[in-house]
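K.L.:
Take a look at this one; I'll ask things after.
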Amino acid sequence: MSELPRDLASAPGPGVLPEAPDATVAYTDFRRDESGDGAAPWTRGVSVTAAWLDGYGRVELVELDSWATTGGRPFLAAVEAWERVSDHDHVAPVVGAGKRPRPWVATVGDSTLADRGRTELAHTLWVGVCLAGALGYAHDEGVVHGAVTPGRVRLHPTPGWAFPRLDGFGLARLLHEGSDATIRDPPERLALRGGLGRATDVYGLALTLYEALTGDLPYVTDADPSEAVLGAAPIPPSTVEPALPAAVDDLLLPALAKNPADRPDLDSFRDDLLSLLAAETGEGDSSGPADPAVDPSFPFLDGDRADWRTACPSCGRSVTNTLAAFRAHWRDAGRCDGPPERPPTRATHSSEEWARIVESVAETPDATAGSGNGNPNHPLWSALAEGRVVEVGSVPVASLDGTYPWLSYPRRGWRVPCPACGSTVFNDETAMKAHWSDAPNCPGPPDDFETA
């Protein structure tokens, strides 16, 4: 099994991916690959050419054909939307774009997930986590991809697992409009009802992962696309590939629901991907010191969501499933009433053990009260609150308003290394404070930070 990258959402880190050019790239700067090989397929209406850009490397030049039904303005507007979200680690960059001699855009020329064929479970799940993060970032910016397929997932060769980046935000969907229906189209497009939205991207991502895991599609592919997709339930992936666990069926089939309203939202789907990935790789196993006051077996809920995040039994909010994170959450009176006196349903602890957990929350020094490593009187917290911090531990801070995620490219996603001790921490203020307060091998918030 491949080794799991240290940061699930941001591996492999800086210095591995080529940086997009800062200066404007002209149409004449590209050197066409005369062989014509290696270009990824796009929908009809565009010409695709493999090319090279000095100082960057291999790229792919996509040009709008003169006879295409897509207009030049919509093409360039879609490219602009794509470029708006291309600063995410797992979005393929727009290397260059222009409107002369005809509307064009250049992106990376890496091979695609479609070229790989079937891939192993852990790697595929990790790709799904990365792409879900990219889609979530785009949705927050008001951009829906609308046409996620294996052919749109670029895989940059890196040590270990290839680094996935999704291309064609908005553009792939635009170019597909007006073309013939295909077996990869979402049900809402084939049924000609409703628009394409965020749930469409959940469907496209699930379909992409299904194909990567099984080498096939969940429908009878030699039938009429509308009849195949709308007329039958998707075939469970474990039926196509018996080596896959049943948990993969439970993950993908709900996301392939024909009614968009029946699909999980993107955040829930990403959490489920992470949970299954942790179970597959053993990443969720705890090797840290046991809590002296309680049974150390946290996560404290069993089942499919135990390894990463789970619902608070008091208020229902999603919390990182560690005792430290729950302590911090339960002490946040503005969000939660604290730990319930009775054990939650499916708790792995006995009533007596749960009582010790509740008692330990009250007895543990509160990071928000000025004791412990997470003392809010530390100058770092004050500087963050005032929006003055620009660098922590020689790492640039993402923004000047004190918000999280607080580390800049390429680790602004799911988890980041603690700047004090280097261990991986979930990238939100509650988790970081809990880590600095409770982690026995961490000295607390670092004094090495720069302010504006």
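What follows draws every value from the coordinates through simple rules; no lab data is involved. None of these values were measured; they are calculated from a predicted model. Heads up, the Cβs are rebuilt from the backbone with ideal geometry, glycines too, and the neighbour counts pull from every protein chain shown.
K.L.:
Could you let me know the centre-to-centre spacing of segment 104-123 and segment 140-160, using Cα atoms, in angstrom?
P.N.:
Their Cα centres are 8 Å away from one another.
K.L.:
Could you tell me which of rounded, prolate or oblate describes segment 193-265, using a ≥ b ≥ c as the square roots of the eigenvalues of the alpha-carbon gyration tensor, with rounded for a/c under 1.5 and, failing that, prolate when a/b is larger than b/c and oblate otherwise?
P.N.:
Oblate shape, in that a/c is at least 1.5 and b/c is the bigger or equal ratio.
K.L.:
Taking other Cβ within 10 Å of each residue's Cβ, how do PHE163, PHE169 sort, fewest first?
P.N.:
The order, fewest Cβ neighbours first, is PHE163, PHE169.
K.L.:
Extension gain GLU141-ALA191, at 0.36 nm per residue separation less the Cα-Cα distance, in nm?
P.N.:
Taking 0.36 nm per residue and subtracting the Cα distance, the gain is 15.2 nm.
K.L.:
Most exposed first by the Cβ proxy, i.e. fewest other Cβ within 10 Å, how do TRP42, TRP436, TRP330 rank?
P.N.:
By the 10 Å Cβ count, ascending, the order reads TRP42, TRP330, TRP436.
K.L.:
Further question: How large is the convex hull of the Cα atoms of segment 127-218 per residue, expressed in Å³ as a whole number?
P.N.:
101 Å³
K.L.:
Now a separate question. For the ranges 102-109, 59-66, what's the packing order if you count other beta-carbon atoms within 10 Å of each residue, average per peptide, and put the highest first?
P.N.:
Sorting 102-109, 59-66 by mean packing, highest first, produces 102-109, 59-66.
K.L.:
Between ARG102 and ASP222, what is the spin-label point distance in nm, taking each point 7 Å from the Cα along the Cα→C-beta axis?
P.N.:
3.7 nm
K.L.:
What order do you get for 249-259, 229-239, 200-210 when each peptide is scored by the mean count of other beta carbon atoms within 10 Å, highest first?
P.N.:
200-210, 249-259, 229-239
K.L.:
Let me ask you something else. Among THR49, THR124, THR451, which comes first, second and so on when ranked by fewest other beta-carbon atoms within 10 Å?
P.N.:
THR451, THR49, THR124
K.L.:
Mind running the shape call on segment 1-283? Use the C-alpha gyration tensor, a ≥ b ≥ c as the square roots of the eigenvalues: rounded below 1.5 for a/c, prolate if a/b tops b/c, oblate otherwise.
P.N.:
Because a/c hits 1.5 or more and a/b fails to exceed b/c, segment 1-283 counts as oblate.
K.L.:
What's the extension gain from ARG31 to SER66 if we count 0.36 nm per residue and subtract their Cα-Cα distance?
P.N.:
Here the answer is 10.4 nm.
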